[in-house]
Structure formats: C-alpha cells, structure tokens
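Single-structure report; data block below.
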Amino acid sequence: MIMQRRTLLAALASAPLWPLAARANPHAGHGMPMHDSMPMNGMAAMHAPSSSPDALPPAGQPLATLPRLANRSTEAGTFSGVIDIAETRHALLPGAPTRLWSYNAGPLGPLIELNAGDRVAITLNNRLPEETTVHWHGLPVDPRVDGHPRDAIAPGGSFRAGFTLPDNLSGTFWYHPHPHGLTARQVAMSLAGPVIIRHRNDPFAGLPESLLVISDQRFDRDNQVAAHTPADWMDGREGEVVLVNGQYRPRLDVAPNETRRLRVLNACAARYLLLSLPGATLTRVGTDGGALARPETGLSQLLLTPGERTELLVTFPARVGQSLQLVSLPYARGKMMQPEQTAALPLMTVAVADRAPAAAFSLPAQLATIVPLGRPDIRRRVVLSERPMDHRMAGGGMMAMMKNMFLIDGRTYDMNRVDLSGKVGQIEEWEVVNDSHMDHPFHLHGGQFQLIARNGKPQPPSWRDTVNLAPRASLTLRVRFDTPGERLYHCHILEHEDLGMMGTLAVHA
Ligand code: C2O
Ligand code: CU
Ligand code: CU
C-alpha cells in the first residue's frame, strides 16, 4: 500500500500532541534521548526554517585538511590513538558560537589514517551527557568492538576498540555513533570522522589527493543545531547548510591539467548527493571498499547516498583562472513531508591556479583484482517496507506511531531479537527489495559485500557496504563473514535507522 502524502499530512495535522509536547519539553533538541519524548516543535517547525542568508558561514575559504589522529604507538604496523567525545563550541556562523558534539574537539572527527594490516587500538572517552558508541562503518572489525547499541559507553566511561586490519584492505571508511534511537541526533550534533586505509599497491599513490567529507547542518535562531522536526524523522533530516570538511562552499586550488584523486564521504544523515562537476568528467576508481577492478570513465554525475564513499579521478582544465563548481544535482528520493531539491546545490569551487602545469596522467586499465565470491551456501530475501500511517495509533504518541512505520521484513528493530542467522565462512547471497515508495540506502555491518546485480541486471565487480534502493528496486549482494557475532543491517537514513528500520544477523562459529 502506498502512503499518500495528503493522508499523511492530514494525520500529522490532526495530531494534537506536538505543540503541547514542545512546551512541556524546554530542552527539546539539545541532545535529549528521543525515546517516546522525541523533540517536537509544533506545526510551525514542520517545514524546517532555513537559515537566513545573512547568517551563512563565509564561503570561498581554502579547503581545509582535517587534522590526523596522532599515532601514539611507535611500533611498526601498530596504531594507537585516543578520541575524546565531548561538547565543544565553534564559530561556524557570524554571532554566537554553535555548541557541537565533537571527536577531539572537531567540527568533524580527525582523520584516522591507517595502513593495510595494521593492528589498531583506539581509546574512546565519552564526555557527553548521554551514552554513545562508535561504529567503524565498512571495516571488518570484531562485532564486540563495532559500536553495537548494546555496548553503549556511559557518560564518563571509556572503551578501547582494538582490531587488526586485513592485509588486502584499502579505501575510505568512517566512524560515527550508533546508540539506538540516538544516532541521528548525535550525528546532527556533528559526530562523524573519516578513516583512510592505504595499501602498498595503490595505483594512484603519486597523485595529489583530497578527502571531501560532506555533511549538512541546520541552525536555529540562536546559531545552535536545530532540533529534529516530525518531518525530519519521517523523511530523514537534511540541513540547508551543506559543508565540505566542515566548511561552507570552500575553494580548492589545483594546478593546470592536474589529475587529482577525490575521496568523497557522504556523512549526511539523509541528504542524497548527485555529484557533478560541470566542465570536467568524473572517473570512478573506487567504491566503499576500495578500488574497482576497472575504472568507470566519462561520468557526468554520480549518486552518493548517506553513508556511502566514492573515489574519483578528475583531470582539471589547463587554463589558469578557470573555475569549476562541484555541485549536487536535484535528486527526488520520495520524501513525504518536505519538497525535493529543485536546483543544483554548490558544494565547492575548484580554481585552476597559476602553478606549473601537471604532467599528463595515464589511467591504468586494471586497478585491482576482485575475486568473485562463488556459489552461495545460503540465500536470503530481505524486504524494506513502510507501514501506512494510521492516525488511530496516534494515541501512543507521534513517536510510537513513527516507530512502527519503517520496517525490515515487516518488523521494527528489537535489540533482543535475532532476525537472521548465518555461519562463519559461508557465502551468503541476499536479495534486498525495497517495497516502499521512498529511496532507502541499505547498509550491512561487518565489512564489504560484492554487489552482484541491481534489478536483476549484473553489475561490474565492486566492494560495497551501502547501496541505494530506489522504490520497488532490488539488489543482489554476496557476502562472507569471517568472525562470529551479531551484525546489523539497516537503512542509512539515520532517522529511519533510529525509528527501527534495522535488523540483526547472528553469525555463528
Ligand atoms: Cu554507518 Cu550501522 O552504520
Ligand atoms: Cu556500518
Ligand atoms: Cu530509509
């Protein structure tokens, strides 16, 4: 059944609870747990107030490089670092500083730069007023150190995440909170950081490189991170102020004719990025789990859903003074409550600077060997769906109603329930189906899977952990787990994840 936007709006409009709830809860939106007390701002806030243009951060600053997490170990092949998770203040806008939650004082977390095969230990100190966890998105770490919501770090508590990276893994990954019901809010408060894993056999080791962490933010009148509205919970929250490495529309200077590697992470909770760089073409050389077998050249646009990463090569023009704009093109993802994007959204300017022109780069035809996972031992079918909103259920509150809306295999997440069981070493084939009218980016914990087909159409080999599913679309993936334990799979629109569009796979020894 398809939920009609009008029905839904009517249901929401007739829910008498919000204005009362907003008044009863003066701290709404300041990091309050949302369990049945979701921050609600009443009808006025249903359509998010855009930040007024005079309150935008300054544009055109040179693109910042994120600080690197210091390695406290001197032993070869080991990395040990400390991340403090705490509230900090940042002058993002003219006027009052914005309170953020930060990894090592951030606006964004430090870059954790590792080598394939490293033994890693990261100490996480939670100085927030609420529990959190840190999830290593895309990394094949033991489930016991992967930030499962059950392993919440209490305020004042610490946790040591230790893991060893495989010898053959390289690529762009990230870390972010995963406490159940609190993830979307904590990411909105700015908790997210990138991980790069490098490998000796990197085909682009000599190229200039930029890491672009794209996030979005919405501010209230006091320059603070705005509270989630009911519409945000439903659609997934998009901030109007889109940031690259924490900066608003920064500028990247390049040499004439330079070929540069761009690693792009979509760290937004819900914003889809349809990346395009008019005046240049994109060559995709890597996905979530590292290099593609063969480059995809001549792309004019590329969809990057929340949680996903891509590696691109771009050759910039030869003419000094020319400038290009990296934009996100309109993409309609089936939002129920808020209008879809209608115009290209500028993300970053690239300016060809007066520098010595770069030598021509020749692209290798083969980038990596991706050995296909063979014939599956287990086949599964996983269905994402939405339950039409029924406002007779509104007696339990808006939150209760929405908590039953976003489903996997007809159920909402329960931390104490195992939904699927598997076995270490077995090859699983999943058919994931979107039986709803809205896009959902499907994500599986515990490492990388091979995307085999989309809508029945075979796909070139690639390692992924997050793949979009348009309405009624399906995908086929193959995966093998080498460590026992519980793995989560969920929609990476973080509000949907918090509302329970998530399940548990128990992998047995
Ligand atoms: Cu990036 Cu379970 O998430
Ligand atoms: Cu993940
Ligand atoms: Cu979703």
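Within segment 423-436, not a single residue is assigned to a loop (DSSP other than H, G, I, E, B) and within 16 Å of ligand 1 (Cβ to nearest atom). Being away from ligand 2 (no atom under 16 Å from the Cβ) and in contact with a Leu (Cβ under 9 Å, 6 or more places away or on another chain): is that true of MET438 here? It is false that MET438 is away from ligand 2 (no atom under 16 Å from the Cβ) and in contact with a Leu (Cβ under 9 Å, 6 or more places away or on another chain). Only strands (runs of 3 or more DSSP E) whose full extent lies in segment 449-509 are considered here, and the ones with at least 3 residues that are assigned by TED's automatic domain parsing to the domain that holds TYR413 and within 15 Å of ligand 1 (Cβ to nearest atom) are 466-469, 485-491, 502-508.
The set of residues in segment 486-509 being more than 19 Å from the chain's Cα centre (by Cα) and more than 14 Å from ligand 2 (Cβ to nearest atom) consists of ALA506, VAL507, HIS508, ALA509. Identify all residues within segment 61-84 that are exposed (fewer than 12 other Cβ atoms within 10 Å of the Cβ) and closer than 19 Å to VAL244 by Cβ; write none if there are none. PRO62, THR65, listed by residue number.
Residues in segment 227-236 that are part of a loop (DSSP other than H, G, I, E, B) and more than 19 Å from the chain's Cα centre (by Cα) were compared, and the one that is surrounded by the fewest Cβ atoms within 10 Å (Cβ to Cβ) is ALA227. When both residues are 6+ apart or on different chains and their Cβ atoms are under 9 Å apart, which pairs have a first residue that lies in segment 292-313 and is open to solvent by less than 10 Å² (accessible area, probe 1.4 Å), and a second that is acidic (Asp, Glu) and modelled with pLDDT under 95? So the pair list comes out empty. Picking from residues in segment 469-485 that are open to solvent by less than 20 Å² (accessible area, probe 1.4 Å) and over 15 Å from PRO143 (Cα atoms), the one that is farthest from ligand 2 (Cβ to nearest atom) is ALA473. The requirement of being in contact with a Cys (Cβ under 8 Å, 6 or more places away or on another chain), touching a residue at least 24 places away in the same chain (Cβ under 8 Å) and among the β-branched types (Val, Ile, Thr) is satisfied by ILE214. The sole residue among ARG333, ARG381 that is closer than 25 Å to GLY500 by Cβ and open to solvent by 20 Å² or more (accessible area, probe 1.4 Å) is ARG381. Of all residues in segment 237-247, those being surrounded by fewer than 23 Cβ atoms within 10 Å (Cβ to Cβ) and in contact with a His (Cβ under 9 Å, 6 or more places away or on another chain) number 1.
Quick check on THR466: is it within 16 Å of ligand 3 (Cβ to nearest atom), modelled with pLDDT of 95 or more and under 28 Å from THR369 (Cα atoms)? It would help to see each step written out before you state the result.
On the way: within 16 Å of ligand 3 (Cβ to nearest atom): yes; modelled with pLDDT of 95 or more: yes; under 28 Å from THR369 (Cα atoms): yes.
When the stated conditions are applied, THR466 passes them.
Residue pairs whose Cβ atoms lie under 9 Å apart, separated by 6 or more positions or on different chains, with the first residue in segment 126-137 and over 11 Å from SER158 (Cβ atoms) and the second buried (at least 23 other Cβ atoms within 10 Å of the Cβ) and acidic (Asp, Glu), are THR133/ASP146; VAL134/ASP146; HIS135/ASP146; TRP136/ASP146; HIS137/ASP288; HIS137/ASP465.
Take the conditions (1) within 16 Å of ligand 1 (Cβ to nearest atom); (2) part of a loop (DSSP other than H, G, I, E, B); VAL418 misses just one of them, which is (1).
Take the residues of segment 85-113 that are in a strand (DSSP E or B) and crowded, with 22+ Cβ neighbours inside 10 Å: which is farthest from the chain's Cα centre (by Cα)? Walk me through it before giving the result.
The initial filter retains those residues of segment 85-113 that are in a strand (DSSP E or B), namely 85-90, 98-103, 111-113.
Checking which are crowded, with 22+ Cβ neighbours inside 10 Å leaves us with 85, 98, 100-103, 112.
Values: ILE85: 19, THR98: 22, LEU100: 18, TRP101: 17, SER102: 16, TYR103: 16, ILE112: 16 Å.
Per the criteria, the residue is THR98.
Taking segment 238-297 as the range and being part of a strand (DSSP E or B), hydroxyl-bearing (Ser, Thr, Tyr), under 30 Å from PRO461 (Cβ atoms) and within 23 Å of the chain's Cα centre (by Cα) as the test, the residues that pass are SER276, THR283, THR287.
Exactly one residue out of PRO129, PRO149 is open to solvent by less than 10 Å² (accessible area, probe 1.4 Å), more than 16 Å from ligand 3 (Cβ to nearest atom) and out of contact with any strand residue (DSSP E or B) (no Cβ under 7 Å at 6 or more places or on another chain), and it is PRO149.
ASN404 meets each of the listed conditions (1) over 27 Å from the mean Cα position of the chain (by Cα); (2) open to solvent by less than 70 Å² (accessible area, probe 1.4 Å); (3) at pLDDT below 95 apart from (1).
The values are calculated or read from the model by the stated rules, or taken from the named source; none is laboratory data. Predicted, not measured: the structure shown is a model, and the values here were computed from it. Neighbour counts run over all protein chains shown; Cβ positions are idealised from the backbone, glycine included. With ligands, DNA and RNA removed, areas are computed over all heavy atoms of the protein, side chains included. Shrake-Rupley method; radii C 1.70, N 1.55, O 1.52, S 1.80 Å.
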